[in-house]
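Trainee: Handing you a structure now.
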Amino acid sequence: MRTFDLAPLYRASVGFDQVASVLDRVLSDTNGAQTYPPYNIEKTGDDAWQIQIAVAGFSADDLTLEQRQNALIVTARKGEEPEGRTFLHRGIATRAFERRFHLADHVRVSGASHADGMLIVDLVREVPEALKPRRIEITDARGSEPKTVEHQAA
């Protein structure tokens, strides 16, 4: 197993404490890589992404999409199979699954659709106005330009 020294990250940044926990979670995955269902993550804009999940055999009613804090959770539960069906070969997996995607701050689901065996989830980053960069006016430490007081001699 590899170990990483994150000290340079902490010396040069503030507020990235969660990076270490995310890296630790990814690198110490004891269950192995989850491969079902297959998916793509596509960047569709500067602050927009799309997750495309292959969900062949599932209807929109079998799928649940939920966003909790910084996690997107996709679950699927197949309904009961009709009686009397006999398969000679069953290559389309319709087993239940739960897939989690960890989202960055201010990323939210803007829409989802299901067509042609694909679940498409659109994500967008919406940074609140209070967190956007703003220009700060710099004033003179004395408050304003120095005033000259005229004095008349008596």
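Trainee: Every residue in region 89-106 that is open to solvent by 40 Å² or more (accessible area, probe 1.4 Å) and either under 15 Å from TYR36 (Cβ atoms) or among the β-branched types (Val, Ile, Thr) (or both), please. So that I can check it myself, show each step before the final result.
Mentor: Restricting attention to region 89-106, the residues satisfying the condition of being open to solvent by 40 Å² or more (accessible area, probe 1.4 Å) are 89-92, 95-96, 98, 100, 102, 104-106.
Within region 89-106, ARG90, GLY91, ILE92, ARG95, ALA96, GLU98, ARG100 meet the criteria.
Trainee: Is there a residue being within 15 Å of ALA56 (Cα to Cα), exposed (fewer than 10 other Cβ atoms within 10 Å of the Cβ) and at pLDDT 85 or above anywhere in region 107-118? Before you say what the answer is, go through the steps one by one.
Mentor: Of the residues in region 107-118, the ones within 15 Å of ALA56 (Cα to Cα) are 113-118.
Within this subset, residues satisfying the condition of being exposed (fewer than 10 other Cβ atoms within 10 Å of the Cβ) are 115-116.
With the extra rule that they be at pLDDT 85 or above, the set shrinks to 115-116.
Yes, region 107-118 contains at least one residue that is within 15 Å of ALA56 (Cα to Cα), exposed (fewer than 10 other Cβ atoms within 10 Å of the Cβ) and at pLDDT 85 or above.
Trainee: Among strands (runs of 3 or more DSSP E) lying entirely in region 81-140, which contain 1 or more residues that are touching a helix residue (DSSP H, G or I) at 6+ places or on another chain (Cβ under 6 Å)?
Mentor: Numbers: elements: 97-102, 107-115, 118-125.
Fully inside region 81-140 and qualifying: 107-115.
Trainee: Also, quick follow-up: What are the pairs with Cβ atoms under 9 angstrom where one residue, in region 54-71, is more than 14 Å from PHE97 (Cα to Cα) and the other, located anywhere, is acidic (Asp, Glu)? Sequence gap at least six, or different chains.
Mentor: Short answer, once both residue conditions are applied: ASN70/ASP105.
Trainee: Inspect region 93-116 for any residue being on the phi > 0 side of the Ramachandran plot and touching a residue at least 12 places away in the same chain (Cβ under 8 Å) and give the result as yes or no.
Mentor: Among the residues of region 93-116, at least one is on the phi > 0 side of the Ramachandran plot and touching a residue at least 12 places away in the same chain (Cβ under 8 Å), which makes the answer yes.
The values are calculated or read from the model by the stated rules, or taken from the named source; none is laboratory data. Nothing here was measured: the structure is a model prediction, and the numbers come from that model. Cβ sites come from the backbone with ideal geometry, for glycine too, and all protein chains shown count toward neighbours. All accessible areas refer to the heavy atoms of the entire protein, side chains included, with ligands and DNA or RNA removed. Shrake-Rupley method; radii C 1.70, N 1.55, O 1.52, S 1.80 Å.
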